[in-house]
Protein chains: 2
Amino acid sequence: MSEEECVRRLNARFYAAMTALDIDEMDQIWMNTEESVCVHPGREAIIGYESIRESWAAIFSATDSMSIAASDERVSVAQNIAWVVCIETISMMLEEGLAAASAQATNIFQRDGDVWRMIVHHASPIPLRPLEEWPDTIN
Amino acid sequence: MSEEECVRRLNARFYAAMTALDIDEMDQIWMNTEESVCVHPGREAIIGYESIRESWAAIFSATDSMSIAASDERVSVAQNIAWVVCIETISMMLEEGLAAASAQATNIFQRDGDVWRMIVHHASPIPLRPLEEWPDTIN
């Protein structure tokens with residue numbers, strides 16, 4: 001498998017972990033360092049994996065059901081660093097009904113020996129994409 | 001000068017170019033490739049330097065006066081790739097008076113021979129920081 005394909009799959013695995021509300025899988029995906037950075041939409045950066053993990057745990061415990069998929073992925077690989085720029089389409093079932101949002105994401109990955117891990121996730125709000133542009137995995 | 005210091009200075013130079021509304025300086029700072037990516041706050045990614053340049057030219061021509069400074073910079077360098085996570089504090093003089101905004105940014109740089117250049121700029125809106133937390137260069 002090419003490095004680009006490894007990174008593309010890890011990026012998809014990150015969104016699958018969010019959809020599964022799976023914090024253990026997040027532990028596998030993320031680089032567990034003080035250097036790790038996570039920007040949730042509309043928020044300041046969270047620094048260090050310990051704090052990032054707490055933020056995911058809080059999101060997962062506050063969420064009954066979430067479906068998130070990446071599309072328009074652009075993958076760049078330069079030696080031990082790679083990054084993916086993609087669109088996130090998020091749908092959540094809340095008590096009030098279905099909520100949906102789109103986000104623009106930049107994800108940076110670092111190769112640690114043979115294993116790629118996420119070191120930066122930056123997601124930011126963008127206008128909601130029309131339903132017909134949602135990824136098939138969400139529709 | 002260490003690689004980290006080179007990247008830190010280039011990051012500052014990027015914000016100085018925005019403040020100076022200097023498109024020629026942007027041409028020097030950015031990697032001129034189809035792979036270059038720019039995310040303005042609240043917008044989808046712009047792909048390729050040609051389109052990115054047009055977006056800066058449009059912003060600069062619509063702006064009389066802008067002051068933007070980075071703070072809380074965290075610099076990571078891994079061989080030929082580096083990234084800076086930082087807070088942007090933006091103030092603009094408009095007809096209606098002073099407008100201010102904060103943003104969270106992730107900037108990725110690539111070394112091209114001896115020269116570092118920006119290849120990704122991702123800025124996203126965050127709540128406005130209180131005035132006493134603004135960088136000295138803005139106050």
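Collect the residues in region B:30-82 that are closer than 23 Å to B:Met92 by Cβ, open to solvent by 70 Å² or more (accessible area, probe 1.4 Å) and out of contact with any strand residue (DSSP E or B) (no Cβ under 7 Å at 6 or more places or on another chain), keeping them in residue-number order. Correct list: B:Arg53, B:Glu54, B:Ser61, B:Ala62. If the condition is being away from every other protein chain (no Cβ under 13 Å) and in contact (Cβ under 8 Å) with a residue 24 or more places away in the chain, then region A:33-58 contributes A:Arg53, A:Trp56, A:Ala57. Does A:Pro125 satisfy the condition of being open to solvent by 10 Å² or more (accessible area, probe 1.4 Å), in contact (Cβ under 8 Å) with a residue 24 or more places away in the chain and under 19 Å from B:Ala103 (Cβ atoms)? Against the criterion (open to solvent by 10 Å² or more (accessible area, probe 1.4 Å), in contact (Cβ under 8 Å) with a residue 24 or more places away in the chain and under 19 Å from B:Ala103 (Cβ atoms)), A:Pro125 qualifies.
For residues that are of a type in the set (D, E, K, R) and assigned to a strand (DSSP E or B), scanning just region A:91-130, find the one that is nearest to A:Ala20 (Cα to Cα). Filtering first and then ranking leaves A:Arg117. Every condition in (1) in a helix (DSSP H, G or I); (2) in contact (Cβ under 8 Å) with a residue 12 or more places away in the chain; (3) under 20 Å from B:Trp134 (Cβ atoms); (4) among the hydrophobic types (A, V, I, L, M, F, W, C) is met by B:Ala16 except one, and the failing one is (2). Restricting region A:92-103 to residues that are farther than 19 Å from A:Asn11 by Cβ and open to solvent by less than 50 Å² (accessible area, probe 1.4 Å) leaves a set whose member that is farthest from the other protein chains (Cβ to nearest Cβ) is A:Gly97.
Of all the numbered requirements in (1) within 14 Å of chain A (Cβ to nearest Cβ); (2) more than 13 Å from the chain's Cα centre (by Cα), B:Thr63 misses one, and that requirement is (1).
Of the residues making up region A:66-85, those that are among the basic types (Lys, Arg) and either away from chain B (no Cβ under 14 Å) or touching a Ser or Thr at 6+ places or on another chain (Cβ under 7 Å) (or both) number 0.
Do we have A:Val120 as open to solvent by less than 50 Å² (accessible area, probe 1.4 Å) and either under 18 Å from A:Glu5 (Cβ atoms) or under 13 Å from the mean Cα position of the chain (by Cα) (or both) here?
yes
You will find that of A:Asp72, A:Asp114, A:Asp64, the residue that is farther than 23 Å from A:Ala45 by Cα and modelled with pLDDT of 95 or more is A:Asp72 and no other.
The values are calculated or read from the model by the stated rules, or taken from the named source; none is laboratory data. Quantities reported herein were computed from a predicted structural model and do not represent experimental measurements. Every residue, glycine among them, receives a Cβ derived from its backbone with ideal geometry; neighbour counts consider all protein chains shown. Side chains are part of the model used for accessible areas, which takes the heavy atoms of the whole protein and leaves out ligands, DNA and RNA. Shrake-Rupley method; radii C 1.70, N 1.55, O 1.52, S 1.80 Å.
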